[in-house]
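Read-outs: derived from the displayed coordinates by stated rules, not from any lab. Computed from a predicted model, the values in this text were never measured in an experiment. Positions of Cβ are backbone-derived with ideal geometry, glycine not excepted, and every protein chain shown enters the neighbour counts.
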Amino acid sequence: MKKILCLIFVVLSFAVIAEEDLRISDVKVEGLQRIDPGLIFNNIPFEIDDRIDDIDFSKSISLIYKTGQFKDVAIEREGRVIIISVRERPVINDIIFHGTESFQPEALKEGLSLMNVASGLIFNNSDIARAEREITNNYLSQGKYTANVRAEVVPLERNRVDINFYVEEGKLSRIKGITIVGNRSFAQNELLDEFSLKTTNIMSWWEKDDRYSKQTLMGDLEKLRSFYMDRGFINFKINSSVVSISKDKKKIYIALTIEEGDKFSVGKLKLKGDIPENISFAELEKELAITEGDVFNRSKVNESTSNVSKSLGNFGFAFANVSSVPTFDEDKKTVNFTFYIDKGKKIYVRRINILGNEKTKDEVIRRELRQLESSWFAQDKVDRSKTRLTRTQFFDAIDIETPAVPGVSDQVDLNIKVAERNTGRVSIGAGLSSSEGVVGTLSVSQDNFLGTGNRIATAISTGDINKTYSLSFTDPYWTEDGVSRGFSIYQREVNTKDLGTGTYDTSSMGFGMNFGIPLSEYDTLTFGATIDLTELKLGADAPIGYKNYCASVASAGSLNCDTDSLSLWTGWQTDSRDNMIFPTKGYRVSLNGDVTLPVFDMQYYKITATGEQFFPVSENITSRIKGSIGYAESYGDEIYPFFKNFTVGGQSTLRGYRQSSVGEKELDTNGQYITYGGQKMVAISAETYFPVPFMKKTESFRMSAFVDGGGVFEDSLTASEMRYSAGIGATWLSPFGPLNVSLAMPLNDDNLDDTETFQFGMGTNF
């Protein structure tokens, strides 16, 4: 029995020992240089005291590989110890560029980072070739087809590497020829004018338009297709586009083969669908931009669907859908169109949300809105609201979104997102004028004072002719319905010694109040009163007319006199221009009247009217016509003050003639003719604005060709006494203010006229 018990004990002892031999006593990791062992321990499916025969070594190796940190992994057993041997992947220490001049290294690094090639990331040899191609493509986009990029990997301690990119940028490859084959109706030059890509020309250094880009070519092909589709060629095709490069990779040639097809015209037009009861088909037909018999124009068709959709949106149908379905008549070469209308549900605005304004008060924004909460949605009111907000000049950007209200099919919210601009300005600088020389300026203004929309401004301007000191305040919403109120106080000094109008000085102080009443969205009635205290000093050589005036308000022979006035004025203005700086359409008209009350020396009235209309000629060309007339007269027994006479000449009225030089002439006491001015004035102008050649995308520059006419008369308006000029002009919105330059040729000047072919002005005069 004892023997049996001993045998059982021995067997059990061996079993326990065997069980202990099958359990892990330790796990060791070998080969680590920079990676913490915890990364491995967190990714293996076993630990100490687990049974060895339960370990799936293949799975464990796979899990360690998946970390991406190792290029070799092995697991082996020594007794009860598991040994994991690894070889780390190297990490990128730095990326260094050599020979890069066209690109900043940081810009290239940013592009490589998108490919997981960046400092601190795992290095993979497979990424090197991709990185070389990425950098090469950057140079190809610049037209450098001879560029060569070579990568070199430098091993460092602690399993790190530096990657050096050696770049030979090479020469620019330039477009030397673009040919179009198959054009019958239009000359090749006319078609190529639509292209952004150009052959090398004298302005290519600036425009960089002779550098080939696949994306740009695709855009040009679409422009070519639109050109033909807008001129009736509905079956136009581009059969092939071939880009070839010379052996030396310096010259690129583009060849296009096109098929124009036949020219189609517009046939019958129909409107079908669900039309709101308060809108007639006739009203919607007026919104069509095409008519029967017109040459087919794809852009006009798209414009028609857009116009009809907007018209429906003005009646609350914000989600109206309008589609055009063409029907072709190959025999008659016509396209019939049916416009299908799905008005959808009538939508009203639940809530208007103002977003992005940190300084401007909500009420300042809301008072400009024409779309109201809890009202039917109207697209024209939304558009008008955006226009009014833009004209405040308080914001750099205005975005209006109309998201649908969740769970409701007939409501939208109006989200108005604004990006505020800095409306406060402090400027010290100088302007330059061909008539006044250097004009020093100091101005402090805040157009949106404390976010209220009120404007406060003070300014000092010093010139050879005019010196002005002013302070003004305007509250554009003195009342809730938009009545404005403002005041101004000023001191002004005028010295005419350099104007050729007879020598005299005036020193004026004045205070004025003004009010504005909005009559409509575009019309404003203004009125106010101004008290002006002016001291007049005549030169010894002043003409007799000047001396007679001083004698009438002072004493005979006096060269100094006080000419004070209290004037009431009123005016009407309408302005529908789409842009305050470079308008492309719209009009501006003003009519102003000024009369002095018979409580001081000056007793006269003055009426002026000015109107200008802008017409879009094409996408980049705008024409303008402008006309001004003026009439002034004294009343009672007083003499009309000569320094209130109209004068014409200079950039604002009649280019090609010196500032204020056109008008009645009179001899001074030295026998010199001076411009006396007159009480009647006419000025006209026709001008066409266009982009600066080779700089169509630049919005800060604009050129023009013009014809000006003007005259000032003492008695009757005589057409023969009008002066005319023609020339070219340019405007640059410089960082220092607008620069206006004109080169004009007087057309009918006489020997007494003071002409000035080249004129310019820079900066803002207050």
task: Please give every one of the aspartates and glutamates within straight-line cross-link reach of Lys272, meaning a C-alpha to C-alpha distance under 20 Å, and leave out same-chain neighbours fewer than 8 residues apart.
output: Glu283, Glu285, Glu287, Glu292, Glu303, Asp342
- prompt: Can you list, bin by bin at 10 Å, the percent of alpha carbon pairs in the range 95-168, starting at 0?
  reply: 19, 57, 21, 3, 0
message: Just want to confirm a number: the relative contact order over the range 179-245, from Cα pairs under 8 angstrom separated by 6+ residues, in percent.
response: 25
Average Cα contact separation per residue, the range 345-430, under 8 Å, 6 or more apart, as relative contact order %: 39
message: What distance in nm lies between label points placed 7 Å from Cα along the C-beta direction at Arg370 and Ser102?
response: 5.0
message: I'd like the GluC sites (Glu not before Pro) in the range 576-679 restricted to DSSP loop residues with at most 14 other Cβ atoms within 10 Å, sorted by number.
response: Glu619
query: In whole Å, how far is the Cα centre of the range 18-80 from that of the range 583-621?
result: 90
- prompt: Do the sum for the chain: with -39,500 (n - 2.57) for every DSSP H run of n ≥ 4, divided by all residues, what is the mean residue ellipticity at 222 nm, to the nearest 500 deg cm²/dmol?
  reply: -5000 deg cm²/dmol
- request: Run the dipole for the chain about the Cα centre, Lys and Arg Cβ at +1, Asp and Glu Cβ at -1, nothing else charged, and hand back the magnitude in debye, nearest 20.
  value: 2260
task: Grab the Cα-Cα distance for Lys214 and Phe328, subtract it from 0.36 nm times how many residues apart they are, and report the gain in nm with one decimal.
output: 37.6 nm
field: Residue order, fewest to most surrounding Cβ atoms within 10 angstrom, among Arg658, Arg80, Arg34
entry: Arg34, Arg80, Arg658
message: Within a 10 angstrom radius of the beta carbon, how do Lys343, Lys272, Lys263 rank from fewest other beta carbons to most?
response: Lys272, Lys263, Lys343
message: Less than 20 Å apart at the alpha-carbon level, and either on another chain or at least 8 residues along: which lysines does that give for Lys644?
response: Lys467, Lys497, Lys537, Lys547, Lys606, Lys665, Lys680
query: Using 1/(1 + (r/R0)^6) with R0 = 45 angstrom and r between the beta carbons of Lys359 and Asp94, what's the FRET efficiency to the nearest 0.05?
result: 0.50
statement: Here the gain from full extension of Val405 to Asp523, 0.36 nm per residue of separation minus their alpha-carbon distance, amounts to 38.9 nm
query: Between Phe57 and Val181, what FRET efficiency comes out of the Förster formula 1/(1 + (r/R0)^6) with R0 = 56 Å and r the beta carbon distance, rounded to 0.05?
result: 0.20
statement: Farthest towards the positive end of the dipole of the range 480-628, among Ser558, Ser484, Trp569 and with Cβ unit charges of +1 on Lys and Arg and -1 on Asp and Glu, lies the Cα of Ser558
- line: Among Gln371, Ile400, Val412, the residue whose Cα sits farthest towards the positive end of the charge dipole of the range 350-420 (+1 at Cβ of Lys and Arg, -1 at Cβ of Asp and Glu, taken about the Cα centre) is Gln371
task: May I ask for the percentage of alpha-carbon pairs in the range 265-342 that lie more than 15 Å from each other?
output: 51
message: Defining a contact as two alpha carbons under 8 Å apart and six or more residues distant in sequence, what relative contact order in percent does the chain show?
response: 5
- line: From the cross-link list Lys270/Lys381; Lys310/Lys333; Lys144/Lys251; Lys268/Lys345; Lys109/Lys247; Lys359/Lys417, the entries with a Cα-Cα span beyond 20 Å are Lys270/Lys381; Lys310/Lys333; Lys268/Lys345; Lys109/Lys247
Within the range 253-337, GluC sites (Glu not before Pro) in DSSP loop having at most 15 other beta-carbon neighbours inside 10 Å: Glu277, Glu292, Glu330
- line: On the formula 1/(1 + (r/R0)^6), with r taken between the Cβ atoms of Thr136 and Tyr253 and R0 of 25 Å, the FRET efficiency rounded to 0.05 is 0.70
- line: Counting Lys and Arg as +1 and Asp and Glu as -1 over every other residue whose Cβ sits under 13 Å from the Cβ of Ala609, the net charge comes to +2
field: Given charges at Cβ of Lys, Arg, Asp, Glu: the range 174-259 dipole, positive-most of Ile180, Ser246, Met203
entry: Ser246
- prompt: So how many Å³ per residue does the convex hull of the Cα atoms of the range 214-269 work out to?
  reply: 78
field: Reported label for calculated mean projected area of the Cα convex hull in nm² given (1) 34.5; (2) 57.1; (3) 72.5
entry: (2)
task: Please compute the Cα-Cα pair-distance distribution of the range 174-259 with 5 Å bins starting at 0, giving whole percents from short to long.
output: 3, 13, 26, 26, 17, 10, 4, 1, 0
- prompt: For Glu101, Glu363, what's the fewest-to-most ordering of other Cβ within 10 Å of each Cβ?
  reply: Glu101, Glu363
- line: For the chain, longest principal axis from Cα atoms; helix 214-229 axis from its Cα atoms; angle between them, nearest 10 degrees, is 50
task: Take the alpha-carbon centre of the range 156-223, take the same for the range 647-665, and report the distance between them in whole Å.
output: 49
